[in-house]
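The values are calculated or read from the model by the stated rules, or taken from the named source; none is laboratory data. Owing to the predicted nature of the structure, the values given are computational and were not obtained by experimental measurement. Cβ atoms come from the backbone with ideal geometry, glycine included; neighbour counts cover every protein chain shown. Accessible surface is based on the protein model in full, side chains and every heavy atom, while ligands, DNA and RNA are left aside. Shrake-Rupley method; radii C 1.70, N 1.55, O 1.52, S 1.80 Å.
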Amino acid sequence: MSADTWGGYNTDEIAAREATEEPETATESPRPSFDLLPVRPFADIAAEVDARGPRQWLVRGIWPAGDYGVHGAEPKAGKTWNALDLAVSVASGTPWLGAIPVDTQGPVIVFAGEGGEGNIVRRLRAIASARGLRADDLPIWVCTRAPHLTNVEHVAVLAHFVEQIQPALVILDPLYLAARGANGADIYAMGAVLEAPQRICQSAGAALFIVTHYNRSRDLKGAARFTGAGPAEWGRVLLAAAVISRHTDTLTEATTVLVELDVTGGEIPDQTLRIRRTITAVDPDDLDSALTYRVDILDGDDGSPTRSDLAPAAAKLLEAVNAGEVPATIPHLVDWIAAKYGHGLKRQTCSTQLNKLLDRGLIDCIDQGAGNEKLWLRAETPA
C-alpha cells in the first residue's frame, strides 16, 4: 500500500481527478463514485457472511474478533496494563488477565503514546514473564507515538502497517493524543476521527482497542464517564474501569489495586469483573529493575469471601485468621487483607468485627494483658 492510501482510497488519485474536473455549476449534476457507498442486495451480503463460517471471539464472551471498542478508566486504574495484558494474550494465545480465554491468536500492533520505550518494554516483559513467556519472542509491534487521526499522512502510515502485518489486534493508547485537533465535545467531529482507524482495521479483520480516560464527573458511572463525545457511542464493546481500592506495602513497596471493570456491548451480555493487580519492582530503587506482575479475577462481588451471614470486613478478617499458621495481631491481619484485596481495614473496624467473630465462636483469642496486642487464631471447633 502506498503512503498516500488510507481506508481503501488513494488520495493522489482523488486529488488528480478533482484537479481535472470542471467547476460545478448550479445546473450540473455531481459525478459520484458509486464504490464509496456500495448498495447491494441483502441476499448477496448474507451469502458472503454465511460463507465466512462461524464468527470467532477475540476474548471469549467479551470481545468478538475483528470488532472495535473502547477501554476507559480513571487515572491509575490500570488501563494501559489491561491493554498490554491483552497484547501479550492475543500474541501468545494465553488467557487475558490470566483467566479469560483468547480464541483468536495473532500479531498485535501497539501504538503507545504515553510512557516511552523503557516503560513499555518493562511492562510487556513483566506480563509475559508472569505467563512463563519471553516477550521478545512474541509477534508484537510497538510504536511509542499515538497516530494523529486528523492527519492524512499518519492515517496512511497506520493503514500501511495494518496491511503489511495483518494483525489480530490493534491497540491505540490514548485517544486524547490520537484525536489531537478534533473537538472532543462534538460527536460528529469525533465520529469522523474514529471512522478512519475503524475502517482500516475492519478491512484487515483486526480488532481495534482504543484506550481513553474518564471525565471528572463522579455523578456518572461506567461508559458515561468516558471523556468527551463519541467513544461511548462509537464502540461496539465498552470496558469501563473504576478503582475500588489501592494499597502499597510499606516493606516490599508492592502496589495492589482492586478495580471494578464494567463490560457492555451490542452482542455480549453486560457483566462486571473484579480485578486485583499487584506490581512489584525487584529493586524499587532501580528504574530498570524487572517488575513482577500478578493479576487475579475475583469471584465475590467485592473480592471477599461470599459468606452471607457475615459483614464483608468480618468475612475478610475470618479468612485472614484462618490463613495464618500462628496467632496474629491486628496489624498482621490488616497487612494480609491489604496484600490480597488491595486495601486495609481501620483498627476500630477490626477490633469490633474480631470480637463479634470471637463471640460467635468462629475464632479464638489470646489476651496478653494490658499494653500488649491480642493474638487472634483459628477456633479449635469452628461454628
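Numbers for the structure displayed
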{"quantity": "Listed values [x] 20.5; [y] 23.9; [z] 21.2, entry calculated as Kirkwood radius over Cα pairs in Å", "calculated": "[y]"}
{"quantity": "Listed residues 231, 248, 126: farthest to the positive end of the dipole of the chain (Cβ charges)", "calculated": "248"}
{"quantity": "Unit charges on C-beta of K, R, D, E only; dipole of the chain, Debye", "calculated": "1300 debye"}
{"quantity": "Rounded FRET efficiency, nearest 0.05, which uses the C-beta distance separating residue 202 from residue 164 and R0 of 22 Å", "calculated": "0.85"}
{"quantity": "Cα pair distances in the stretch 244-361, grouped into 10 Å bins until the bin that holds the longest one, percent each", "calculated": "13, 37, 31, 15, 5, 0"}
{"quantity": "Mean Cβ neighbour count within 10 Å, used as a protection proxy, ranking 362-373, 231-242 highest first", "calculated": "231-242, 362-373"}
{"quantity": "Estimated FRET transfer efficiency when R0 is 41 angstrom, pair residue 150-residue 250 (beta carbons, to 0.05)", "calculated": "0.35"}
{"quantity": "Cα-based reach from residue 76 at 20 Å (exclusive), listing lysines while leaving out same-chain residues under 8 positions away", "calculated": "221, 340"}
{"quantity": "Dipole magnitude of the stretch 152-265 about its Cα centre (Cβ charges: Lys, Arg +1; Asp, Glu -1), debye to nearest 20", "calculated": "200 debye"}
{"quantity": "Computed E for residue 233/residue 352 - FRET, C-beta separation, R0 41 angstrom, nearest 0.05", "calculated": "0.30"}
{"quantity": "Ranking by accessible area, most exposed first, for 143, 201 with a 1.4 Å probe", "calculated": "143, 201"}
{"quantity": "Most mobile of 86, 298, 158 in a GNM of the chain (Cα contacts under 10 Å)", "calculated": "298"}
{"quantity": "Cα-projected label distance for residue 296 with residue 325, points at 7 Å along beta-carbon direction, nm", "calculated": "1.9 nm"}
{"quantity": "Farthest toward positive dipole pole in the chain [+1 Lys/Arg, -1 Asp/Glu at C-beta], among 354, 265, 87", "calculated": "354"}
{"quantity": "Candidates 323, 112, 146, ranked by Gaussian network fluctuation over the chain, Cα under 10 Å, top entry", "calculated": "323"}
